[in-house]
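Peer 1: Sharing a structure with you now.
The values are calculated or read from the model by the stated rules, or taken from the named source; none is laboratory data. These numbers were taken from a predicted model, which means no experiment stands behind them. Neighbour counts are summed over all protein chains in view; Cβ atoms, including those assigned to glycine, are modelled from backbone coordinates with ideal geometry. Calculation scope for accessible area: heavy atoms of the full protein, side chains included, ligands and nucleic acids excluded. Shrake-Rupley method; radii C 1.70, N 1.55, O 1.52, S 1.80 Å.
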Amino acid sequence: MTAREQILDDVRKALRRAAGLPSPELPAPTLRIPLSDRNLYADLFVQKFENLGGKSFRVRNTSAVVPAIAELLVQKSAVASNSPFLRKCGITGLAQVHAGFTQRDDLKEACAAADIGITSVDYALSATGSFVLLSSPNEARLVSLLPPAHIAIFPRSRILANLDELLSILPRPADQTSSMVLITGPSRTADIEQILVRGVHGPGEIYAVIVDEE
């Protein structure tokens, strides 16, 4: 008996199974979604998001978005995703914001030169202060990853309780997108001496603009 066979035999004995028996079906996953007031999700998201080093803005409606971020855009160049919600908020009409890209090379060049990337989000998770972006023609990954600062603008209705609720809505994300990105705070990494450095693998600054009324 080889070492591998011995290990497998020991496992079978521990499970009280004999060789050749089919594996039992796995139990259905248990999703734990808190039954709390959805109006509190935005407050919890802001708390978690800012604890991670992000900065948040709460605005009443879409017309208040541009004034809320105007100071961030002063003497800055920005690139925006093709999200319809950004158009509704008036972001793509700003002079310093480049948008409407359909060719990857053009988008890559613009993102590499931009100071700020502006996106919406597909969902946000209140339990961790995370953005959830599904890669698509409307939300290209480069916009949220390549510029040194990232602004995410989204309606409050997109805030979910936690990852379990997200997976209850999207049990098979790969059926809808080639990439689902969860962004939790500014990019950060630490070397062997545990010196924390921001902005190495993505934006070092991150902002959330939550729109209460669509």
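Peer 1: Among (1) surrounded by fewer than 23 Cβ atoms within 10 Å (Cβ to Cβ); (2) under 30 Å from Ser36 (Cα atoms); (3) of a type in the set (Gly, Ala, Ser), where does Gly93 come up short?
Peer 2: In the conditions (1) surrounded by fewer than 23 Cβ atoms within 10 Å (Cβ to Cβ); (2) under 30 Å from Ser36 (Cα atoms); (3) of a type in the set (Gly, Ala, Ser), Gly93 misses (2) alone.
Peer 1: Next up: With respect to Ser168, is the statement that it is modelled with pLDDT of 95 or more and among the hydroxyl-bearing types (Ser, Thr, Tyr) true? Lay out the reasoning, then the answer.
Peer 2: Details: modelled with pLDDT of 95 or more: no; among the hydroxyl-bearing types (Ser, Thr, Tyr): yes.
So Ser168 does not fit the description; no.
Peer 1: Sort out which residues of the stretch 96-120 are surrounded by fewer than 22 Cβ atoms within 10 Å (Cβ to Cβ) and touching a Lys or Arg at 6+ places or on another chain (Cβ under 7 Å), and write them in order of number.
Peer 2: Gln96, Asp115
Peer 1: Residues being open to solvent by less than 100 Å² (accessible area, probe 1.4 Å) and more than 17 Å from Arg158 (Cα to Cα): count how many of those fall in the stretch 20-41.
Peer 2: 7
Peer 1: Here is a further query. Has the stretch 163-177 got at least one residue that is without any contact (Cβ under 8 Å) to a residue 40 or more places away in the chain, hydrophobic (A, V, I, L, M, F, W, C), over 21 Å from Ala80 (Cβ atoms) and not in a helix (DSSP H, G or I)? Even if it seems obvious, please write down each step before you answer.
Peer 2: First pass over the stretch 163-177, keeping only residues without any contact (Cβ under 8 Å) to a residue 40 or more places away in the chain: 163, 170-175.
Among the residues that remain, those that are also hydrophobic (A, V, I, L, M, F, W, C) are: 163, 170, 174.
Then drop every residue that is not over 21 Å from Ala80 (Cβ atoms), which leaves 163, 170, 174.
When the remaining residues are screened for being not in a helix (DSSP H, G or I), the result is 170.
Among the residues of the stretch 163-177, at least one is without any contact (Cβ under 8 Å) to a residue 40 or more places away in the chain, hydrophobic (A, V, I, L, M, F, W, C), over 21 Å from Ala80 (Cβ atoms) and not in a helix (DSSP H, G or I), which makes the answer yes.
Peer 1: Another question, if that's okay. Being hydrophobic (A, V, I, L, M, F, W, C) and either closer than 18 Å to Tyr207 by Cβ or surrounded by 21 or more Cβ atoms within 10 Å (Cβ to Cβ) (or both) is the filter here; which residues of the stretch 121-141 pass it?
Peer 2: Scanning the stretch 121-141 gives Val121, Ala124, Leu125, Phe131, Val132, Leu133, Ala140.
Peer 1: Please state which one of Asn39, Asn61 is modelled with pLDDT of 90 or more and closer than 30 Å to Phe85 by Cα.
Peer 2: Among Asn39, Asn61, only Asn61 is modelled with pLDDT of 90 or more and closer than 30 Å to Phe85 by Cα.
Peer 1: Is there any pair with a first residue in the stretch 182-206 that is of a type outside the set (A, V, I, L, M) and a second that is modelled with pLDDT of 70 or more and not in a loop (DSSP other than H, G, I, E, B) whose Cβ atoms are under 6 Å apart and which are 6 or more apart or on different chains, and what are they?
Peer 2: Listed pairs, sorted by first residue: Thr184/Ser130; Pro186/Ile206; Gly202/Leu145; Pro203/Ala149; Pro203/His150; Glu205/Ala149.
Peer 1: Output the residues belonging to the stretch 70-90 that are of a type outside the set (Gly, Ala, Ser) and either out of contact with any helix residue (DSSP H, G or I) (no Cβ under 7 Å at 6 or more places or on another chain) or under 17 Å from Phe57 (Cα atoms) (or both). So that I can check it myself, show each step before the final result.
Peer 2: Initial filter on the stretch 70-90 (of a type outside the set (Gly, Ala, Ser)): 71-76, 79, 82, 84-89.
The answer is Glu71, Leu72, Leu73, Val74, Gln75, Lys76, Asn82, Pro84, Phe85, Leu86, Arg87, Cys89.
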